[in-house]
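The values are calculated or read from the model by the stated rules, or taken from the named source; none is laboratory data. Note that the structure is predicted; figures quoted are calculated from it, not measured. A quick note on method: Cβ atoms are made from the backbone with ideal geometry, for glycine too, and the neighbour counts reach across all protein chains shown. Ligands, DNA and RNA are stripped out before the accessible areas are found, and what is left, the full protein with its side chains, is counted by its heavy atoms. Shrake-Rupley method; radii C 1.70, N 1.55, O 1.52, S 1.80 Å.
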Amino acid sequence: MRDLLILSIAFSGSIAALNQPWIGILLWTWLSIMNPHRFAYGFAYDFPVAAVAAITTLIGTLVSRDKTSPFKSTVVIVLAIFMFWITLSWVFGLNMEKDYEQWKKVMKIDFMILLALMVLRSKLHILALTWVTVGSMAVLGAKGGVFTLLTGGSYRVWGPPGSFIEDNNEFALALVMTVPLVRFLQLQLSSRIGKHLLTVIMILCVASAFGSQSRGALLAIGAMAALLWWRGKNKVVVGIFMLLSGLAALAFLPDTWFSRMSTIGSYEEDLSALGRISAWWVAWNVAWVYPFGVGFDAAVPELFALYSPTPTLIHAAHSIYFQVLGNHGFVGLGLFLTLWWLTWKSAGWLIKNSPKQQETEWCRDLGAMAQVSLAGYAVGGAFLSLAYFDLPYDVMVLVVLTQVWVRTRSWEYEKKPEGIWKKIPGLIPMKRSSEG
């Protein structure tokens, strides 16, 4: 039954994508982030639903007259250059054949990002993509949060099998990045019930992140909390609330959680941390020897034997920065850092330059919460391998599209959504309650 449901949604969306490719982008986003087919038990588990969605979306985009150039911002130009550079890294890498699957996976994601920038443009498109992106992670986070609360945090929470976020650490960081986006959606709602529901979702996502027992996620939460506190109007009240909330969460967590977190300050006794440091040395050293990097896998015995101070500790980098440095060299890392710096600046532009009127209030909200999400990615990603995961790139898409929407003053001529799309919360300008 679950297999039939997933495939029916996937095929219906794929058919719709032939006529309205933006629906195909929403379908791809759901399949790529949530990986619902990985929770099936039959023929849907290995069925190439994402490939079907990608192909039909591409066909729909090619035949559609309602598309624009994806290069709407310098951010996108840097992304395209980065795609070209990582292709060179793959071609001139140590094992082109072995790295092919990873290269194909990454390029497929980035190509769909470019398609999204071609066919999405309206407020309807932007908010629909936000709901699908956030919802895909929020469902997983709520499920993991309930499990954490029921088990007292005694067991780790894991992501969808066979995905970028299968590991507990990567899954936790993705959830942490999702929380500010949930808050953005909450700010767009007028319904108190809807606001309270999203509050519960945020709490469950945080509980699930804690339940993963990820040290990187803990640091990401700290960075995001600090940014929110710094921007808050009443720093004393917000600070006290955060402190009390943190103490309440710590009182709930088991001893195993504290034991794992305590290793942050004693890395020399933790083999996992020592393995990461070993991998970081390899990434740094190979970047000087291989200008294009070594391809998509630097965790090979030969490299550790030559470039690591502890050759026996063969380990993945578990850092978006050293992952990209080892894979694609200094040029690749420079492009990667530039991409996210420009995305951060674009989000800041939305905060400063969106007109202070009801129709554009959501744009400032998006810019602020996108920056909080990116802060979590920048800090937590320093200890996790999520350089190619969809979610931060989807945040980039939302920021770029919204910036274009503001610059073109789209609210002055854009048609209001009709039919079923009128029911998507936040599409119609509405007066906020005092909570918002």
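Students often check this: by mean Cβ neighbours within 10 Å, which of 399-412, 16-29 ranks highest, and how do the rest follow?
16-29, 399-412
Quick check: Cα centre of segment 398-412 to Cα centre of segment 352-371, how many Å?
Between the Cα centre of segment 398-412 and that of segment 352-371, the gap is 10 Å.
Residue by residue, what Karplus-based ³J(HN,Hα) values in Hz, rounded to whole numbers, does segment 131-141 have, using 6.51, -1.76 and 1.60 with θ = phi - 60° and x for Gly and Pro?
4, 5, 4, 5, x, 4, 7, 5, 4, 5, x
So, by mean Cβ neighbours within 10 angstrom, what's the order for 163-175, 81-93 with the highest one leading?
163-175, 81-93
Quick check on packing: order 120-130, 48-58 by the mean number of other C-beta atoms within 10 Å, highest mean leading.
Going by the mean number of other Cβ atoms within 10 Å, highest first, we get 120-130, 48-58.
Tell me, what HN-Hα J-couplings in whole Hz come from the Karplus equation 6.51 cos²θ - 1.76 cosθ + 1.60 at θ = phi - 60° for each residue of segment 162-178, using x for Gly and Pro?
Coupling constants for segment 162-178: x, 10, 4, 10, 5, 5, 4, 5, 5, 4, 4, 5, 4, 5, 4, 5, 6 Hz.
So what's the net charge close to N35: Lys and Arg +1, Asp and Glu -1, counting the other residues with Cβ under 15 Å from its Cβ?
Charge balance in the 15 Å sphere: -2.
Suppose all protein chains stay in the model; what accessible area per residue would a 1.4 Å probe give for segment 112-168, in Å²?
Per-residue accessible area for segment 112-168 comes out at 34 Å².
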